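J.: Handing you a structure now.
The values are calculated or read from the model by the stated rules, or taken from the named source; none is laboratory data. Worth saying up front: this structure is predicted, and the values here are computed from it rather than measured. All Cβ positions, even for glycine, are placed from backbone atoms using ideal geometry, and neighbour counts span all protein chains on display. Keep in mind that these areas ignore ligands, DNA and RNA; they rest on the heavy atoms of the full protein, side chains included. Shrake-Rupley method; radii C 1.70, N 1.55, O 1.52, S 1.80 Å.
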Amino acid sequence: MRAKMQRNALDRAVDHIRGVFPARPEIALVLGSGLGPLADRIEGPRIPYGDIPGFPVSTAPGHAGRLCLGQLFGRTVVAMQGRVHMYEGYSPAEVVFPTRVMAALGARTAVFTNAAGGIGAGYSVGELVLIEDHLSLAMAAGMDPTRGPQDDAPGPRFTSLNKAYDPELLALAERLEPGLKRAVYAHNVGPSFEPPALIRFFAAMGCGLVGMSTVPEVIAARQAGQRVLALSAVTNIAVADVSDAHVTNEDEVWEAVKIAQPRLLSLMERLIPALPKDMT
Ligand code: HPA
């Protein structure tokens, strides 16, 4: 019964989108905080999330909230200009509904972007960093979006997260942009920024980035069998010490994404055409 409900919800969203744009997108793109302008380069229709049956609507600042479909740098893509987050009050399953819809549309590769804090002195503001693994206390504690009664519509019961961040795609990005760093992304549901003690915990666990998104979507993308590439724009350096005078704030995030935007555009201009073509 529940499985059927999921299938119906996915089908309704897919039918609506195909009614506007019938072609199969090869690549799904998720553009995070302030990184949406890349989607303005897509030649094709835009659908506000509110028009798509079952789609959650983003309430976060810097998230336009529309699905953009069409040609980008020679490939057919579907892009989320803005995402939704668990901190907006959405359940993990609601957060990943758009990811599942994009997989159901036929996109076999998913590229996720986000704004993140850098952990430690090794990062500069505005830098792009590849995600090679993640650590999420929320997912480990029961907020995994694939949790629930067995339902084959979104994918199999158990999803391996070993090599969730596709080694071939990581190597491709590094070939195109030598010097790109890789890091483990620590997930904090938010919306409060991490207390210094949590940053020290993440640092001790080997994490280099911290943010409030991406992990639930990557899990759902892997469950759906997509190949995943994810990258963060470092928008601030996370505070790890209570004696640090710096107070993490939203304004520094918005200033830094302006530096990261042209870098992301330049990387995507080279990366998107080079992404592996589907077998079919
Ligand atoms: N923490 C969590 N999320 C973020 C940060 C941060 O420091 N910067 C941008 N998004």
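J.: Would you check if E194 is over 30 Å from S243 (Cα atoms) and charged (D, E, K, R)?
T.: no
So that you can scan it fast, the table gives a plain yes or no per residue for (1) more than 14 Å from the ligand (Cβ to nearest atom); (2) of a type in the set (S, T, N, Q):
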residue: V228; (1), (2): yes, no
residue: N236; (1), (2): no, yes
residue: S243; (1), (2): yes, yes
residue: N249; (1), (2): no, yes
residue: E252; (1), (2): no, no
residue: A260; (1), (2): no, no
residue: S266; (1), (2): yes, yes
residue: D278; (1), (2): yes, no
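J.: Show me the strands (runs of 3 or more DSSP E) entirely contained within the range 1-101 in which 3 or more residues are touching a Pro at 6+ places or on another chain (Cβ under 8 Å), in contact (Cβ under 8 Å) with a residue 24 or more places away in the chain and crowded, with 17+ Cβ neighbours inside 10 Å.
T.: 66-72, 75-81
J.: Kindly indicate whether any position in the range 218-238 is closer than 19 Å to V125 by Cα and surrounded by fewer than 24 Cβ atoms within 10 Å (Cβ to Cβ).
T.: Checking the range 218-238: at least one residue is closer than 19 Å to V125 by Cα and surrounded by fewer than 24 Cβ atoms within 10 Å (Cβ to Cβ).
J.: Would you mind finding the one in L170, L180, L176, L128 that is of a type outside the set (S, T, N, Q) and within 16 Å of the ligand (Cβ to nearest atom)? Spell out how you get there, then give the answer.
T.: On the way: L170 fails: within 16 Å of the ligand (Cβ to nearest atom); L180 fails: within 16 Å of the ligand (Cβ to nearest atom); L176 fails: within 16 Å of the ligand (Cβ to nearest atom).
So the residue among L170, L180, L176, L128 that is of a type outside the set (S, T, N, Q) and within 16 Å of the ligand (Cβ to nearest atom) is L128.
J.: Can you name the residue in the range 155-176 that is over 18 Å from the mean Cα position of the chain (by Cα) and open to solvent by less than 60 Å² (accessible area, probe 1.4 Å) and is also farthest from N114 (Cα to Cα) among such residues?
T.: For the range 155-176, the residue satisfying everything is G155.
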